[in-house]
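The values are calculated or read from the model by the stated rules, or taken from the named source; none is laboratory data. Quick caveat: nothing in here was measured; it's all calculated off a predicted structure. Cβ placement follows ideal geometry from the backbone for every residue including glycine, while neighbour counts extend to all protein chains displayed.
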Amino acid sequence: EYIDNILPPLTKALFKYVREGKYTFCTPGHMGGTAFQKSPVGSIFYDFFGPNTMKSDISISVSELGSLLDHSGPHKEAEEYIA
């Protein structure tokens, strides 16, 4: 509960998104790291940075995080948090 209370809203939403294991087909096209694991060099890159880095590298089109354009959801909460 302590950690949940100190995390900024957008960070909290991103962590939740990654924990839930959602799969996205939006940019970037590495598919949560799956594409990296198809080659030896990509696997080394993936192993170095770890799965959460790849899973959290998502575009702004993920609805669970709200919208930067209409200032909704966790994006809006983050803007209010820093204001």
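Couple of notes before you dig in:
- In the range 35-60, residue nearest to Phe15 (Cα to Cα) [restricted to those that are surrounded by 12 or more Cβ atoms within 10 Å (Cβ to Cβ) and small (Gly, Ala, Ser)]: Ser56
- Against the criterion of being assigned to a helix (DSSP H, G or I), in contact (Cβ under 8 Å) with a residue 40 or more places away in the chain and touching a His at 6+ places or on another chain (Cβ under 9 Å), Leu14 does not qualify.
- Qualifying position, being over 25 Å from Ala78 (Cα atoms) and either assigned to a loop (DSSP other than H, G, I, E, B) or more than 12 Å from the chain's Cα centre (by Cα) (or both), among Gly42, Gly21: Gly42
- Test: residue in the range 8-25 that is modelled with pLDDT under 90 and surrounded by 12 or more Cβ atoms within 10 Å (Cβ to Cβ): yes
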